[in-house]
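Structure, as structure tokens:
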Amino acid sequence: MDSVYNVVELIGTSAKSWEDAAKTAVTEASKTLRDLRVAEVMEQDLVVENGEVALFRCKVRLSFKHESADG
């Protein structure tokens, strides 16, 4: 069966780790998007304040199954 998928990019953040930042993005997306399929980490960066890592950030590309008008 052929399928079509939508793709969105989100940035998740965490004070703990990049892994938690990615999980934050997926968890939040799952609240409003149905049928999530793949999450791909595109970029990772850090917010630095006063010479210390303050925040981990992950840009995540998420795909989810497209819902057509005919079901």
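Each value in this text was obtained by applying a stated rule to the coordinates, not by laboratory testing. Remember, it's a predicted structure, so these values are computed and weren't measured experimentally. Don't worry about glycine lacking a Cβ; one is built from the backbone with ideal geometry, like all the others, and counts go over all protein chains shown.
Observations on the structure shown:
- Any hit, region 41-60, residues being in contact with a Ser or Thr (Cβ under 6 Å, 6 or more places away or on another chain) and of a type in the set (Gly, Ala, Ser): no
- Test: Asp2 is surrounded by 13 or more Cβ atoms within 10 Å (Cβ to Cβ) and of a type in the set (Asp, Glu): no
- Total residues in region 44-71, condition in contact with an Asp or Glu (Cβ under 6 Å, 6 or more places away or on another chain) and not hydrophobic (A, V, I, L, M, F, W, C): 4
- For first residues located in region 52-67 and without any contact (Cβ under 8 Å) to a residue 12 or more places away in the chain and closer than 10 Å to Leu33 by Cβ, partners that are part of a loop (DSSP other than H, G, I, E, B) and charged (D, E, K, R) and lie 6+ apart or on another chain with Cβ distances below 6 Å do not occur.
- Residue tally, condition assigned to a loop (DSSP other than H, G, I, E, B) and in contact with an Asp or Glu (Cβ under 9 Å, 6 or more places away or on another chain), over region 8-43: 2
- Set Ala69, Ala54: member being surrounded by fewer than 16 Cβ atoms within 10 Å (Cβ to Cβ) and assigned to a loop (DSSP other than H, G, I, E, B): Ala69
- Of the residues making up region 1-49, those that are acidic (Asp, Glu) and over 10 Å from the mean Cα position of the chain (by Cα) are Asp2, Glu19, Asp20, Asp35, Glu43, Asp45, Glu49.
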